[in-house]
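FYI, it's all coordinate maths here, none of it is from the lab. Values in this document were obtained by computation on a predicted structure and should not be read as measured data. Note that each Cβ is placed from the backbone with ideal geometry, even for glycine, and that neighbours are counted across all protein chains shown.
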């Protein structure tokens with residue numbers, strides 16, 4: 001077989017791979033039903049000792065802010081009660097209207113104002129009105145009337161909503177204020193700041209904060225570890241990313257997500273052989289259940305010299321199982337796998353399946369070249385005509401094949 005085509009010209013672009021990171025910490029707001037249940041729970045807890053209640057309530061013992069004596073004013077208490085009754089009855093719009101009345105009431109005290117704003121924020125969030133929720137939270141903080149739990153809880157929610165809305169500088173500023181005022185070192189809080197730094201492309205700083213969170217947690221969440229690996233990888237600390245991915249994968253040998261993340265870290269560091277070995281173990285264990293699984297492995301093999309047969313085997317298995325899509329990219333990769341492993345006949349068959357699905361005539365032109373190399377001149381000419389009809393960058397190359405002697 002005459003290899004006039006270079007590997008660079010024929011080899012398809014490898015499938016892009018990304019870590020399966022969930023890097024956005026979503027803000028949490030209770031639904032009306034949840035809040036109603038929470039209130040019933042609090043009623044049932046009246047028998048608890050004052051010491052235990054204080055222990056639960058004191059979430060920010062090192063805060064620089066002096067928690068105010070949060071009490072509703074006598075004049076506004078009926079309005080607050082009505083607002084909460086409506087909210088617990090899942091009548092958010094009506095409850096929000098009363099919250100707005102309380103916020104505008106000059107006779108209300110700081111607690112009345114702040115609590116109404118806090119409830120308004122939760123109602124707005126439940127209604128997917130994020131902009132209004134953030135405005136309410138800012139008001140709750142400005143009124144400065146909630147106890148520390150409520151005040152800093154509102155601050156956390158504001159930071160998370162800003163993060164959700166891609167307001168990264170504002171989000172980071174909110175989290176910085178939170179840490180300055182609470183002196184918190186809780187892992188779940190540090191991760192939020194690390195997330196904001198990551199999204200601002202401040203990867204080394206994000207990695208430092210995330211590592212602090214993970215080191216401080218007896219059981220760090222998988223999402224935190226994945227975010228730290230992403231920060232390492234994006235920040236050019238590939239060795240640290242690989243080291244961490246290996247540790248996580250070693251602890252979770254049967255976990256597909258952990259193993260896949262390890263493979264991707266290897267790929268990002270051009271360690272294709274190690275990536276292929278990890279992915280092959282997943283395939284052997286029957287954990288290839290998605291199209292992307294097969295694509296990731298065969299594209300890894302196509303980046304390794306002498307592994308074209310393995311790539312073809314992976315593609316065919318995926319097709320036979322009906323997991324991998326029989327699309328242009330699949331057939332093109334299959335054709336290339338066969339071609340570079342000296343299997344001309346099946347390569348031609350795969351090219352014939354890929355060419356009609358291609359966005360242009362380049363695949364038909366490659367097919368024409370292979371057919372010409374195999375002295376199948378009439379078929380080569382027909383493929384070259386199809387290439388011109390579909391459009392190629394260098395039509396003269398196709399015309400030369402059409403002009404060859406022979407029928």
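The Cα-based radius of gyration and maximum Cα-Cα distance (Dmax) for region 358-407 are 9.5, 30 Å. Taking the chain as a Gaussian network of alpha-carbon nodes connected by springs under 10 Å, the highest mean-square fluctuation of the residues 181, 280, 219 belongs to 219. Binning the C-alpha pair distances of the chain at 10 Å intervals from 0 yields a P(r) profile of 5, 17, 19, 16, 14, 12, 9, 6, 2, 0, 0 %, listed from the shortest bin outward. Computed from the C-beta positions of residue 360 and residue 404 and an R0 of 22 Å, the FRET efficiency is 0.45 to the nearest 0.05. With 0.36 nm allotted per residue and the present C-alpha distance subtracted, the residue 138-residue 393 stretch has 86.1 nm of extension available. Computed on the Cα atoms alone, the convex hull of region 80-128 gives a volume of 57 cubic angstrom per residue.
Of the peptides 254-260, 350-356, the order by per-residue mean of other Cβ atoms within 10 Å, starting with the highest, comes out as 350-356, 254-260. If R0 is 22 Å, the Cβ-Cβ spacing of residue 177 and residue 149 corresponds to a FRET efficiency of close to 0.85. With 5 Å bins beginning at zero, the pair-distance distribution over Cα atoms of region 289-353 amounts to 4, 22, 33, 26, 13, 3 %.
Taking the C-alpha atoms only, the angle from helix 291-301 to the longest principal axis of the chain is near 50 degrees. Taking only C-alpha pairs under 8 Å that are 6+ residues apart, what is the relative contact order of region 64-158 in percent? So the answer I get is 29 percent. Maximal additional length on extending the residue 200-residue 90 stretch stands at 35.8 nm, based on 0.36 nm per residue less the C-alpha distance.
Seen against the Cα atoms of the chain and their longest principal axis, helix 203-216 is set at about 60 degrees.
Would you calculate a helix-derived [θ] at 222 nm for the chain, using -39,500 (n - 2.57) for each DSSP H run of n ≥ 4 and dividing by the full residue count, to the nearest 500? Computed ellipticity for the chain at 222 nm equals -21000 deg cm²/dmol. Compute the acute angle (0 to 90°) between the alpha-carbon long axis of helix 222-234 and the principal axis of greatest extent of the alpha-carbon atoms of the chain; round to the nearest 10°. The helix 222-234 is inclined about 60 degrees to the chain. Cα extents for region 149-200 along the principal axes, largest to smallest and rounded to whole angstrom: 26, 18, 15.
Tell me, what is the Rg over Rh of region 187-287, with Rh the Kirkwood radius over Cα pairs? We get a ratio of 1.00 for region 187-287. Spin-label model, residue 81/residue 344: points 7 Å from Cα along the beta carbon direction are separated by 9.3 nm. The packing ranking, built from the mean of other Cβ atoms within 10 Å per residue, places the peptides 241-248, 282-289, 190-197 in the order 190-197, 241-248, 282-289, highest first. Taking the centroid of alpha carbons for each part, region 333-407 and region 151-171 are 56 Å apart.
Measuring nothing but how far apart in sequence close Cα pairs (under 8 Å, 6+ apart) lie, relative to its length, region 289-353 scores a relative contact order of 30 percent. Taken over region 267-400, the percentage of Cα pairs per 10 Å bin, counting from 0 up to the bin with the maximum distance, is 13, 38, 30, 15, 4. Working note: Debye formula, equal point scatterers on the alpha-carbon atoms of region 58-184, no solvent; log10 I(q)/I(0) at q = 0.18, 0.23 Å⁻¹ is -0.95, -1.30. Normalised by the number of residues in region 216-289, the average gap of Cα pairs under 8 Å and 6 or more apart makes the relative contact order 21 percent.
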